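The values are calculated or read from the model by the stated rules, or taken from the named source; none is laboratory data. As the structure is a prediction and not an experimental result, all values here were calculated from the model. Don't worry about glycine lacking a Cβ; one is built from the backbone with ideal geometry, like all the others, and counts go over all protein chains shown. These area figures cover heavy atoms from the full protein model, side chains too; ligands, DNA and RNA do not enter into them. Shrake-Rupley method; radii C 1.70, N 1.55, O 1.52, S 1.80 Å.
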Amino acid sequence: MNDMMFWIVAAAMTSLVTLAMLWPLVRRQGGSPEAHENHDVEVYRAQLRELDQDLERGTLAPAEAESARAEIGRRLLRAADNANGKGLGAASWQRPAILATIVLVLLAIPVASTVFYATMGNANLPDQPLAARQQPPSQGDLQLAQLVERAEARLRDAPEDGQGWEVLAPIYLRLERPQDAANAYRKALDINGPSASRFGGLGEALTDLANGEVTDEAKSQFERALEINPGYLPAKFFLALDASQEERASDAETRWTELIQASPDNAPWMQIAQAGLADARMRLGKTDAPAVAPMANGAGAPAAGADGTIARGPDAEQVAAASQMSDTDRQAMIEGMVAQLAARLKDNPEDVEGWKRLIRSYTVLGQTEAAREALAEASQTFAADSAGGREIAAFAEEIGLSAREETTTQ
Amino acid sequence: MIVELGHFALILALSVAIIQSTLPLVGARGGDQRLMEIGSIGATGGFVLLAVAFSALTAAYVTSDFSVLNVFENSHSAKPMLFKVTGVWGNHEGSMLLWVLILAFFGALVALFGRDLPATLKANVLAVQGWILTAFLLFILFTSNPFTRLDPAPMEGQDLNPILQDVGLAIHPPLLYLGYVGFSIAFSFAVAALIDGRIDAAWARWVRPWTLVAWVFLTLGIAMGSYWAYYELGWGGWWFWDPVENASFMPWLAGTALLHSALVMEKRSALKIWTILLAILTFSLSLLGTFLVRSGVLTSVHAFATDPARGVFILVILCLFIGGALALFAWRASELEGGGLFAPISREGALVFNNLFLTTAAATVLVGTLYPLLLEVLTGEKISVGAPFFDLTFGPLMVPLLLAVPFGPLLGWKRGDLLAAGQRLYFAAGVALAAMILGLAFTGGTRVLAAFGFALAFWLIAGSLTDLFVRASFFKAGWRKGWARLTGLPRSAFGTALAHFGLGITVLGVITVSSFETETVTTMRPGDTVEAGGYTLHFDGASRRAGPNYEEQVGTFTIRDGGVAVAETESAKRFYPARQMPTTEAGIWTTWFSQLYVSLGDPSADGQSIVVRIWWKPLVTLIWIGSVFMALGGTVSLADRRLRVGAPTRSRGQARDRVAAGA
Amino acid sequence: MTRKAKRLYSIGAILLVIGAAAGLVLTALSDSIAYFHSPTDVVEKMPGPGQRIRLGGLVEEGSVVRDGSTHVTFKITDSIESVPVTYTGILPDLFREGQGVVAEGMLAPDRVFQADTVLAKHDETYMPKEVVDDLKARGLWEDGKGMVKKTGSSPEDAVSATDAGGAGS
């Protein structure tokens, strides 16, 4: 549709330009051009007029004017003599030659332009202004945006609210605002103290900020996350990615292998992990099937190909996959993790921390309804006056969630 | 779709340019009016198409369409709207698109206003413009396409280099390009004359206003760039003899020479061959400038991201056009008719003197700019040629030239009277001498060079005013009549006087600031004071602030004059997180024509004090004010009716009668 | 004077001006240019005192010492040799440890380089060309990859600075 529109406008533009260029040719007969000498005569006459004016104004001495007049006069006479009986007039081209030229122009402009454009352009690629890509936001996004705005407003008033930063940070990550996410994680770390997920999140934000490159700074965050929780898979993933990016092949191999073994089969990073492993093994010469291209080091600005689009080798695809972690894949990853957690809590409901994590996850994902249901379920599991029950209630209050009320309050 | 239409328009413009560069030429050789007319239509159409392409790219920037690689690399959604728009030409691809747009713009102007030009001359000129356009469109499409797309599009751009996020950048490159590219018209006229093997009488009358337009823009562009570097880079310097600055200064020197020699050619039909050569050289220097900046052979503040393929491509274009034009010149120049004769002491002689010194000066700048490159290619030795070289070579060449300036307009055409001109300049000489004596007295006789510089500046200023007085013959004819004659003077006379006056003003600024500026580097704690230029600078304290896309540390200073606070100024160090880049925002306080310039360095380890660099820059603004006067002079000259060229009438007999009657 | 004599005089005058300009250029070229040296060059060749040179390389990590006022000392290294540098004034915005820099000045008899100008480029992806060329020649730099280092510093980090040359006045 967009495509059609483009070609219609392009065709209109082309025909307009071509016809304009042909216009002088299709007219019956152009007037014959003036001989040079006639133009020269005109210029000299203008000079004489100016001389007179200067003389009238008195800006020129009479003697000087006289000699100038004589000089211009001589040139004028010569030009006028030459002009007599001379003209460029009749030397016009004959019909066949003009016809050939018309055909040439008629063919050259549209054909050359179209062919050239076809090799360089991307007619089917629509404009993607940022505003249009953000709007109209889906129902969930709209809610999310409102939540973020509200949370930001509240945090401006109470910047020491660690939980607030903690809730906001992953949302920033999802909204591709890595700088904000990193700041939020730092605040959360400052206020709430270290935790694997906070360090991991900060590392991820820093990685996003470096366009997918696991920087040294990010790396140290992941390492801290693992110190606290050695089984924290996202941190393992990024450390393995780092090994691949820095081409430490044997290290990468170990790390990817560990990650794959520790991850559930449907984990969202599995594809990348497999590719990373294959790449590392290939570099080590352990396999003869270089099916997967290496992980690019640093997903900076991709290089432009000669055809006008970005070269999309498998290499670039991998990069895109990795960086899209922050978009659809991350969403899938988080949802997968949440679903697992929910399933586990069904079998083993006596886990206060687990419930808290689940409820917070739902809040983060903007699934307030699900969060409320989880809260209700947790409240049923623990007696209201038990330690667990009190903790759950306090937590719910903390993140502004209530099982009974219809709306989330601040 | 808009982006792709822009891309298509760019390619369509190439097809049109190819037709424009061939058919009119064929038409001019065969004398076919129809083919020649295609040139005008092509030039106009090409301009419209490029305007569409440029608008499309601008639209992509305004809407932050990151599916366009160029936008992704150089823009950011959080950037203020002004810088989104100026960002279009704040990068290599976009600035090249602006370059060809302006080229096409000048072509279209010739097509529209050139109705009265001899048809073959016009056709040839437009064809040559078509060649240049074709070459640069190919360059853009093959090495620097601004319409390259990204799919999928990233959500955020990489932001424009913060140092380029400045209002100065909004105006500087377009002005500079209008100047650079404007000289292409003079070049095309020169090549057209060589192709035709004859120089029409209209030639100089046409070339002069076009050169003047280009020169005015280039003057403003260079001044703007100098001021931008002065306040944005935070080093307090206004001219660095940086290769890229030289790249714009060389065409300016050659263009100034061309302006003067075209005058001789118009009035006296003399210096024809030289003027043609100068027209070729001026644009060649513009092309060389483009090459130096775009190819990455130079390292400079202004050089955008570089790519060897681009360098080679531009080098080929450069060789093709400069080599081709010079070869054509060598082949055809001898066929051109020589012109009028003149005595060495005459207006023409003075203008030859001007040309000699300006072109020699341009040549020394060229040597200083290219010598390090050549040496590196030949011997691998790396050297840098900096300000001392240019001060030593360019400076001495300017002195005789500036001394001669007031004489020129007072000398008669053909044969002048140096003594009479000298007598008329008694007043100016007196002013200059007074300035010198005052200068010596104030410095206790220690600054002889500075005093001489003052004399030179006032010699130029008084000399330019004398020129007007003499023309109006105030002294001979009395005030009332003199006034009437002054207002009746042709505008070009005012233009000349204004431009020479501006030159004097600029020289005054240059001399004063280079001789008497003071610089203090010191660490300051809040409450500390520093003396500069007779004022006391009090450091009030530093604070942190957040801007739209940066964070800054701001130092606030109070300026006191004899204990009384007269002004406050802020100097800042900014940090742009998107590019992880710091910049310095100097605090500048202007009083009359002088400035106090404060720039912040690093805070000390304990965070209590900060390094501050303070300059007192006496009369520094005169440097740019003078340039504005020069440009104004050019504009006034341009408004002179007499630069119009009339169309020939059919009644040839009349002309003869008129001459007979007049002579 | 005959026309021929006049013409001869004019040409003579023109040649005189051009000759004088050429003379100026040659003197200036022998006096006021600075050769580029890497730290290794400096250590090997030991340029005499009074000879202006441009010293280019990377600012050695951990070598920058500010004495609390405007005086700074640091070392410039090409990872083979390093040369101590002293400088008084404000360093360019993008002067950072581990990044490219060019200092202009003279070598003092005590082998400490007295810089009067320190240049760093105003673009974060820029490395002074002379420095890159030099490092390349020594196999310490690869196109598109930057500085060849053992640690995992990315090429984006290899950066820096612009002609903060003295005012051209």
Matching entry among C:Ser82, C:Ser69, C:Ser38 (being modelled with pLDDT under 85 and open to solvent by 20 Å² or more (accessible area, probe 1.4 Å)): C:Ser69
Odd one out for B:Leu378 among (1) within 22 Å of B:Ala190 (Cβ to Cβ); (2) hydrophobic (A, V, I, L, M, F, W, C); (3) more than 9 Å from chain C (Cβ to nearest Cβ): (1)
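Checking the condition open to solvent by less than 40 Å² (accessible area, probe 1.4 Å), more than 7 Å from chain B (Cβ to nearest Cβ) and either over 20 Å from B:Gly368 (Cα atoms) or among the small types (Gly, Ala, Ser) (or both), which residue from C:Val43, C:Val64 passes? Steps first, please.
On the way: C:Val43 fails: open to solvent by less than 40 Å² (accessible area, probe 1.4 Å).
Residue meeting the stated conditions: C:Val64.
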All positions within the stretch A:200-217 that are under 17 Å from A:Leu189 (Cα atoms) and surrounded by fewer than 23 Cβ atoms within 10 Å (Cβ to Cβ): A:Glu217
Odd one out for B:Trp206, checked against (1) open to solvent by 20 Å² or more (accessible area, probe 1.4 Å); (2) modelled with pLDDT of 90 or more; (3) among the aromatic types (Phe, Trp, Tyr): (2)
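Just for the stretch B:269-310: of the residues that are over 30 Å from B:Asn91 (Cβ atoms) and open to solvent by 10 Å² or more (accessible area, probe 1.4 Å), which one is modelled with the highest pLDDT?
In the first step, residues of the stretch B:269-310 are kept if they are over 30 Å from B:Asn91 (Cβ atoms); the result is B:269-280.
Remaining after also requiring open to solvent by 10 Å² or more (accessible area, probe 1.4 Å): B:269, B:271-274, B:277.
Details: B:Ser269: 81, B:Leu271: 86, B:Lys272: 87, B:Ile273: 88, B:Trp274: 90, B:Leu277: 93.
The extreme case among them is B:Leu277.
Can you confirm whether B:Ser184 is surrounded by fewer than 24 Cβ atoms within 10 Å (Cβ to Cβ) and in a helix (DSSP H, G or I)? Before the answer, list the steps.
On the way: surrounded by fewer than 24 Cβ atoms within 10 Å (Cβ to Cβ): no; in a helix (DSSP H, G or I): yes.
So B:Ser184 fails the test.
Answer yes or no as to whether B:Ala586 is of a type in the set (A, V, I, L, M) and under 34 Å from the mean Cα position of the chain (by Cα). Spell out how you get there, then give the answer.
Working: of a type in the set (A, V, I, L, M): yes; under 34 Å from the mean Cα position of the chain (by Cα): yes.
Yes, satisfied.
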Filtered residues of the stretch B:560-586 (kept if within 14 Å of chain C (Cβ to nearest Cβ) and either in a loop (DSSP other than H, G, I, E, B) or over 30 Å from A:Asp208 (Cβ atoms) (or both)): B:Ser571, B:Pro577, B:Ala578, B:Arg579, B:Gln580, B:Ala586
Subset tally (residues that are within 8 Å of chain B (Cβ to nearest Cβ) and either modelled with pLDDT of 85 or more or part of a helix (DSSP H, G or I) (or both)) for the stretch A:13-51: 20
Out of A:Gly354, A:Gly366, A:Gly388, sole residue that is in contact with a Phe, Trp or Tyr (Cβ under 7 Å, 6 or more places away or on another chain) and at pLDDT below 80: A:Gly388
Filtered residues of the stretch A:179-199 (kept if surrounded by fewer than 21 Cβ atoms within 10 Å (Cβ to Cβ) and within 14 Å of chain B (Cβ to nearest Cβ)): A:Gln179, A:Asp180, A:Asn183, A:Arg186
Count of residues meeting criterion [out of contact with any Lys or Arg (no Cβ under 9 Å at 6 or more places or on another chain), of a type outside the set (Val, Ile, Thr) and at pLDDT below 85] in the stretch B:457-491: 8
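Is it the case that the stretch C:17-28 has a residue that's over 16 Å from the mean Cα position of the chain (by Cα) and within 29 Å of B:Met581 (Cβ to Cβ)?
Of the residues in the stretch C:17-28, the ones over 16 Å from the mean Cα position of the chain (by Cα) are C:17-28.
Now restrict to residues that are within 29 Å of B:Met581 (Cβ to Cβ): none.
No, the stretch C:17-28 contains no residue that is over 16 Å from the mean Cα position of the chain (by Cα) and within 29 Å of B:Met581 (Cβ to Cβ).
Every residue in the stretch C:51-91 that is acidic (Asp, Glu) and touching a residue at least 40 places away in the same chain (Cβ under 8 Å), please.
Initial filter on the stretch C:51-91 (acidic (Asp, Glu)): C:60-61, C:67, C:78, C:81.
C:Asp78, C:Glu81, listed by residue number.
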Qualifying residue in the stretch B:17-36 (condition: in contact (Cβ under 8 Å) with a residue 40 or more places away in the chain, surrounded by fewer than 24 Cβ atoms within 10 Å (Cβ to Cβ), more than 7 Å from every other protein chain (Cβ to nearest Cβ) and of a type in the set (A, V, I, L, M)): yes
From the options B:Phe8, B:Phe47, B:Phe72, B:Phe54, residue that is within 28 Å of A:Trp7 (Cα to Cα), open to solvent by 10 Å² or more (accessible area, probe 1.4 Å), at the interface with another protein chain (Cβ under 9 Å from one of its Cβ atoms) and in a helix (DSSP H, G or I): B:Phe72
B:Thr364 modelled with pLDDT of 90 or more, polar (S, T, N, Q) and open to solvent by less than 50 Å² (accessible area, probe 1.4 Å): yes
Criterion: within 14 Å of chain C (Cβ to nearest Cβ) and in contact with a Lys or Arg (Cβ under 7 Å, 6 or more places away or on another chain) - qualifying residue of B:Pro162, B:Pro243: B:Pro162
Single residue of the stretch B:319-345 satisfying the filter (touching a residue at least 12 places away in the same chain (Cβ under 8 Å) and within 12 Å of chain C (Cβ to nearest Cβ)) that is surrounded by the most Cβ atoms within 10 Å (Cβ to Cβ): B:Phe342
Breaking point among (1) out of contact with any Lys or Arg (no Cβ under 9 Å at 6 or more places or on another chain); (2) at pLDDT below 70; (3) farther than 23 Å from A:Ala267 by Cβ, for A:Ala403: (1)
